[in-house]
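The values are calculated or read from the model by the stated rules, or taken from the named source; none is laboratory data. What you see is a predicted model; the values in this text were computed from it and never measured. Here the Cβ is made from the backbone with ideal geometry for all residues, glycine too, and neighbour counts use every protein chain on show.
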Ligand code: SF4
C-alpha cells in the first residue's frame with residue numbers, strides 16, 4: 001500500500017471547508033480531527049493510471065489509443081496545450097466505504113463529518129498519485145487534475161475512463177448505472193502533460209507557478225476555469 005501523508009489537522013480543515021464550516025469552533029474542529037485520525041486505520045489507498053496521446057476532436061479532446069472522448073470546453077481548455085494525458089483512478093478501498101456506512105447507521109451527525117474527511121483523504125491520496133505521475137513522466141509538466149462531473153465534462157465519462165484504466169481488475173472499482181463510483185471515496189481524474197509549465201486553472205492563481213510573470217493576473221484577469 002503506498003504511503004500517503006494523512007496530516008489529520010489538514011484533513012480536518014479540508015473536511016470543514018467542504019462542509020462550508022471553515023473557521024468552525026473548537027468543538028467541531030476537534031470532532032473532525034478525531035474522525036480524520038480514526039479513519040486512517042480503515043483507509044487502503046491504491047491507484048492506477050494510464051497514459052495516452054491527446055488530440056483535439058470535434059467539441060472536445062480525444063485519447064486515440066484508448067478510444068476515449070472527453071467532450072466539452074473544459075477538456076479543450078485544460079488539455080489544449082498538452083501532447084499527452086494521464087487517466088487516474090484512486091480509491092480508499094472497500095473497508096473504508098464499509099466503515100462510513102457503519103458510522104452512518106450509528107449517527108448521522110458523525111457520518112457527515114466522517115464523509116467529508118473521507119473526501120479530503122481521497123484527495124490527499126490523489127496528490128500522492130500525482131507526485132508519482134510527475135516523477136514518472138518528468139520533465140513534462142502536469143495540468144491541474146479535473147474529473148467527470150466537473151465543469152462541462154459529463155459524468156458518464158466515468159465508465160469509459162475506469163474501463164481504460166482497468167480499474168475493476170486492478171482496484172475493484174466499478175461504476176453504477178447512474179455513473180457513481182464504487183466503493184465510495186473513489187476519484188477518477190484526467191491530468192494533462194505538456195512541454196510547458198501549466199497554469200493552475202482549477203486551483204487558482206495562489207497555487208500557480210506562473211503567477212509572478214503572469215500578464216493576465218497583472219491585469220486583474222484570470223485563466224481559471
Ligand atoms: S491567471 Fe495567470 S497566475 Fe492565475 S492561474 Fe492563470 S496563468 Fe496562473
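Name every residue in segment 124-137 that is touching a strand residue (DSSP E or B) at 6+ places or on another chain (Cβ under 7 Å) and farther than 14 Å from residue 191 by Cα, in order of residue number. Steps first, please.
Kept after step one, since they are touching a strand residue (DSSP E or B) at 6+ places or on another chain (Cβ under 7 Å), are these residues of segment 124-137: 125-126, 129-130, 133-134, 137.
Scanning segment 124-137 gives a single hit, 125.
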For residue 198, all conditions in the list (1) out of contact with any strand residue (DSSP E or B) (no Cβ under 7 Å at 6 or more places or on another chain); (2) within 16 Å of the ligand (Cβ to nearest atom); (3) in a loop (DSSP other than H, G, I, E, B) hold save one; what is the number of the exception? (1)
The one condition in (1) outside any loop (DSSP other than H, G, I, E, B); (2) surrounded by fewer than 18 Cβ atoms within 10 Å (Cβ to Cβ) that residue 190 fails to fulfil: (2)
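Here is a check on your reading of the model: is residue 65 over 16 Å from residue 146 (Cα atoms), surrounded by fewer than 18 Cβ atoms within 10 Å (Cβ to Cβ) and touching a residue at least 24 places away in the same chain (Cβ under 8 Å)? Talk me through it step by step, then tell me what you get.
Working: over 16 Å from residue 146 (Cα atoms): yes; surrounded by fewer than 18 Cβ atoms within 10 Å (Cβ to Cβ): yes; touching a residue at least 24 places away in the same chain (Cβ under 8 Å): no.
No, not satisfied.
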Only one of (1) assigned to a loop (DSSP other than H, G, I, E, B); (2) in contact with a strand residue (DSSP E or B) (Cβ under 8 Å, 6 or more places away or on another chain) does not apply to residue 90, and that is (1)
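Yes or no, residue by residue, for (1) over 18 Å from residue 80 (Cα atoms); (2) in contact with a helix residue (DSSP H, G or I) (Cβ under 7 Å, 6 or more places away or on another chain); (3) in a loop (DSSP other than H, G, I, E, B); (4) outside the structural domain of residue 129 (by TED's automatic domain parsing):
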| position | (1), (2), (3), (4) |
| --- | --- |
| 161 | yes, no, no, no |
| 178 | yes, no, yes, no |
| 212 | yes, no, yes, yes |
| 217 | yes, yes, no, yes |
| 220 | yes, no, yes, yes |
Of all residues in segment 206-224 being closer than 23 Å to residue 124 by Cβ and surrounded by fewer than 16 Cβ atoms within 10 Å (Cβ to Cβ), which is nearest to the ligand (Cβ to nearest atom)? 224
